[in-house]
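Peer 1: Handing you a structure now.
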Amino acid sequence: MKYQRGIVALCLALACPAAGAVGLSWDSVLTFLQTMKDEASAWAVTTKQTAMAAQQQTDSKIRSQALLASAIGAIEMADRVGKAIAAVDPAIGQPKTLLCEAQTDASLRVEALGQRDRDAAKLMQSFAGSRVSPQEKADVAALTQRQDLYCTVSEARAGACKLTANGMQGWDSNYAGAFSQRTLSPEAELAGYAYTATLTDTRASAAIDCEGGACMSAAASQMRVAAMSTLAAHSFIGQVTDRRVPVLTGQ
């Protein structure tokens with residue numbers, strides 16, 4: 001027991017100077033940490049206040065712009081009401097200007113539809129007239145056009161043609177190409193005509209231009225094929241002209 005008390009007394013005697021030194025250093029650390037904590041709190045408050053100020057500025061700008069837009073809309077509406085009252089037609093109860101605009105739009109639409117029908121009729125005449133030449137020339141022209149404009153990726157990999165970066169790969173043989181769009185560009189319109197020619201261009205061979213029962217039978221069969229292909233061509237050309245951008249060129 002005495003031995004233990006002596007050890008405790010000796011430890012206390014040896015540790016007193018060190019404990020004082022450690023106490024001073026620990027107070028400094030606590031002071032430093034408290035200072036950092038106070039500065040962090042101050043920065044957090046400053047950041048929060050800055051964010052709130054920026055939000056208030058943004059809200060104020062949005063409100064002012066909304067008020068300005070409402071004022072401009074009210075002024076324009078009042079101006080339109082005044083013009084409508086001044087231009088009202090007692091016979092129809094509508095402003096004359098509105099009636100004129102409606103008639104102008106209707107006349108333009110009617111003219112566009114008429115121009116579309118005239119263009120389709122001219123294209124059909126050209127289609128029927130071009131079928132006089134031999135089928136071999138038509139096939140060569142179709143293949144040449146495909147190699148130049150409608151070469152597919154697989155054909156380009158096989159070395160059959162060179163790929164053209166026009167976005168119309170295989171459109172001369174794929175209905176989903178030109179006919180899946182509501183409005184056709186001039187290049188897409190030509191692709192629609194190329195598809196129509198690929199599908200419906202079945203020309204008679206020169207071998208049936210002879211006399212005899214077999215030749216007459218072949219000629220009649222070719223006439224039936226030509227009639228069906230012309231009917232299909234008229235349908236496809238009508239679908240193309242429905243999607244083209246109307247150009248009012250007159251009669």
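The values are calculated or read from the model by the stated rules, or taken from the named source; none is laboratory data. None of the values given here were measured: they were computed from a predicted structure. Here the Cβ is made from the backbone with ideal geometry for all residues, glycine too, and neighbour counts use every protein chain on show. The area values use the complete protein model at the heavy-atom level, side chains included, leaving out ligands, DNA and RNA. Shrake-Rupley method; radii C 1.70, N 1.55, O 1.52, S 1.80 Å.
Peer 1: Would you check which residues across the stretch 135-173 are in a loop (DSSP other than H, G, I, E, B), over 23 Å from I237 (Cβ atoms) and either basic (K, R) or open to solvent by 40 Å² or more (accessible area, probe 1.4 Å) (or both) and list them?
Peer 2: Listed by number, the residues that qualify are G159, A160, K162, L163, T164, A165.
Peer 1: Return yes when T104 is touching a helix residue (DSSP H, G or I) at 6+ places or on another chain (Cβ under 9 Å), polar (S, T, N, Q) and modelled with pLDDT of 65 or more and no when it is not.
Peer 2: In short, no.
Peer 1: State yes or no: is A71 surrounded by 10 or more Cβ atoms within 10 Å (Cβ to Cβ), at pLDDT 80 or above and of a type outside the set (D, E, K, R)?
Peer 2: yes
Peer 1: What do you reckon, is A176 assigned to a helix (DSSP H, G or I) and either surrounded by 13 or more Cβ atoms within 10 Å (Cβ to Cβ) or polar (S, T, N, Q) (or both)?
Peer 2: Answer is no for this residue.
Peer 1: Here's another thing I want to ask about it. Filter the stretch 182-207 down to residues that are modelled with pLDDT under 85 and either open to solvent by less than 40 Å² (accessible area, probe 1.4 Å) or of a type in the set (K, R) (or both) and give me whichever is farthest from P134 (Cα to Cα).
Peer 2: Out of the qualifying residues, it is D201.
Peer 1: If you check S229 against the conditions, is it open to solvent by less than 70 Å² (accessible area, probe 1.4 Å), assigned to a helix (DSSP H, G or I) and out of contact with any Cys (no Cβ under 8 Å at 6 or more places or on another chain)?
Peer 2: Against the criterion (open to solvent by less than 70 Å² (accessible area, probe 1.4 Å), assigned to a helix (DSSP H, G or I) and out of contact with any Cys (no Cβ under 8 Å at 6 or more places or on another chain)), S229 qualifies.
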